[in-house]
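See below for the structure under consideration.
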Amino acid sequence: MGGRVVVVGSANVDVVVEVPHHPRGGETVLGGDVRRTPGGKGANQAVAAARGGGAETTFVGALGRDEAAELLLSSLERAAVRTDLVDRVAAPTGTALITVTPDGRNAIAVAPGANSHVRVDAARSARLAAADVVLLQLEIPVDAVRSAAAAKRPGALVVLNAAPSRRLPADVWSQIDILVVNETEAADLVAGLPGPTTPATAPADPSALAAALLGRVPAVVVTVGDEGSLVAERGKRLLTIPAHPVRAVDTTGAGDAYCGVLAAALSRGGSLDAAARLANAAAALAVTSPGAQDAIPTAEEVEALAA
Ligand code: ATP
């Protein structure tokens, strides 16, 4: 049985073009046909927690009153994510412009739109207080992140995926139980930490980054793309989880598949190590097909690969 996960975050329509290489400044690159698919870190992670992780999942976010909003709602509902606390606001639904190269790598520019209006009111706080895991990212106002984390009940976990890179206020750092970052985000956070570490001297390897971040939070997961992920917990030995060997088609949303399945496994009371192994399998499957939410595997597929 799944536990309860509440994801507070962004929802975007992803406008995707496959290109031979990402355009440099001033360059125009001709690509393939355009695809419009459901995305946004919050919505992707909610779909992953529900479909890929089997958790009872609520998504708290904000959408416009446009066609893109319908695309997102139907994707969330298809994955059995509860959408009763999604606001409809007078701003366009968030939009991400994405180019993908043949090796599956992406470059992304986001227009936040409605995501700037995500809020945590009394009804949303009540749902958050019933969650086993509160899962957050940084594509929404930091005030909403702070209020969502503050609404958790004692004993529940706050998992923050600190993406995209952004400076975190001290009070938000202290709300985090588990921090999930990729290598770039880890380096950015370490560079911004108070103390002797500066951007010029910041440690570069993921285990040193994880160790530095453990000074601020009790547990850190650093994802390292096709090398897998690292799990660091205070007082425990660092665990390295190698990536599953797969043919990457589109890595968009790999990190989101990871975070959603991690949160779902934690919501059932599993250890962080065990949750990270499932997350690693989910993310590997997600990179083998195009799209973000559309590429998220089922819990059965995830468990079969992780076994
Ligand atoms: P994205 O922004 O593309 O969603 P990210 O930068 O947040 O991804 P990554 O570290 O690139 O995160 O990838 C997240 C996880 O996805 C990795 O820890 C790994 O488990 C899995 N993964 C990514 N790329 C591959 C790959 N080529 N093969 C297998 N697993 C992969």
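Could you tell me whether Asp226 is over 15 Å from Ala162 (Cα atoms), of a type in the set (Asp, Glu), open to solvent by 10 Å² or more (accessible area, probe 1.4 Å) and near the ligand (Cβ under 8 Å from one of its atoms)?
Spelling it out, Asp226 is indeed over 15 Å from Ala162 (Cα atoms), of a type in the set (Asp, Glu), open to solvent by 10 Å² or more (accessible area, probe 1.4 Å) and near the ligand (Cβ under 8 Å from one of its atoms).
Which ones in region 23-53 are assigned to a loop (DSSP other than H, G, I, E, B) and surrounded by 24 or more Cβ atoms within 10 Å (Cβ to Cβ)?
Of everything in region 23-53, those that are assigned to a loop (DSSP other than H, G, I, E, B) and surrounded by 24 or more Cβ atoms within 10 Å (Cβ to Cβ) turn out to be Gly40, Gly53.
Quick check on region 168-181. Is at least one of its residues within 19 Å of the chain's Cα centre (by Cα), farther than 30 Å from Ile98 by Cβ, surrounded by 21 or more Cβ atoms within 10 Å (Cβ to Cβ) and among the charged types (D, E, K, R)?
Looking through region 168-181, none of the residues is within 19 Å of the chain's Cα centre (by Cα), farther than 30 Å from Ile98 by Cβ, surrounded by 21 or more Cβ atoms within 10 Å (Cβ to Cβ) and among the charged types (D, E, K, R).
Which one of these is out of contact with any Cys (no Cβ under 7 Å at 6 or more places or on another chain), away from the ligand (no atom under 16 Å from the Cβ) and not in a strand (DSSP E or B): Arg247, Arg237?
After ruling out the rest, the residue left standing is Arg237.
For region 1-22, what are the residues that are surrounded by fewer than 22 Cβ atoms within 10 Å (Cβ to Cβ) and modelled with pLDDT of 95 or more?
Arg4, Val15, Val17, Val19, Pro20, His21, His22
Do we find that Val221 is open to solvent by less than 40 Å² (accessible area, probe 1.4 Å), assigned to a helix (DSSP H, G or I) and among the hydrophobic types (A, V, I, L, M, F, W, C) in this structure?
When the stated conditions are applied, Val221 does not pass them.
Taking the stated definitions as given, is Arg35 modelled with pLDDT of 95 or more and basic (Lys, Arg)?
no
Every residue, every condition in (1) touching a helix residue (DSSP H, G or I) at 6+ places or on another chain (Cβ under 7 Å); (2) within 14 Å of the ligand (Cβ to nearest atom); (3) within 20 Å of Val190 (Cα to Cα); (4) open to solvent by 10 Å² or more (accessible area, probe 1.4 Å), yes or no:
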{"site": "Ala264", "(1), (2), (3), (4)": "yes, no, no, no"}
{"site": "Arg268", "(1), (2), (3), (4)": "no, no, no, yes"}
{"site": "Ser271", "(1), (2), (3), (4)": "no, no, no, yes"}
{"site": "Ala279", "(1), (2), (3), (4)": "yes, yes, no, no"}
{"site": "Ala282", "(1), (2), (3), (4)": "yes, yes, no, no"}
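What residue, among those in region 170-186 that are of a type in the set (S, T, N, Q) and near the ligand (Cβ under 8 Å from one of its atoms), is nearest to Arg153 (Cα to Cα)?
Top of the filtered list is Asn182.
The values are calculated or read from the model by the stated rules, or taken from the named source; none is laboratory data. Keep in mind that what you see is a predicted model, and the values were worked out from it rather than measured. When we count neighbours, we look across all protein chains shown, and the Cβ atoms used for this are built from the backbone with ideal geometry, even at glycine. Heads up: the accessible areas ignore ligands, DNA and RNA and are worked out on the full protein's heavy atoms, side chains in. Shrake-Rupley method; radii C 1.70, N 1.55, O 1.52, S 1.80 Å.
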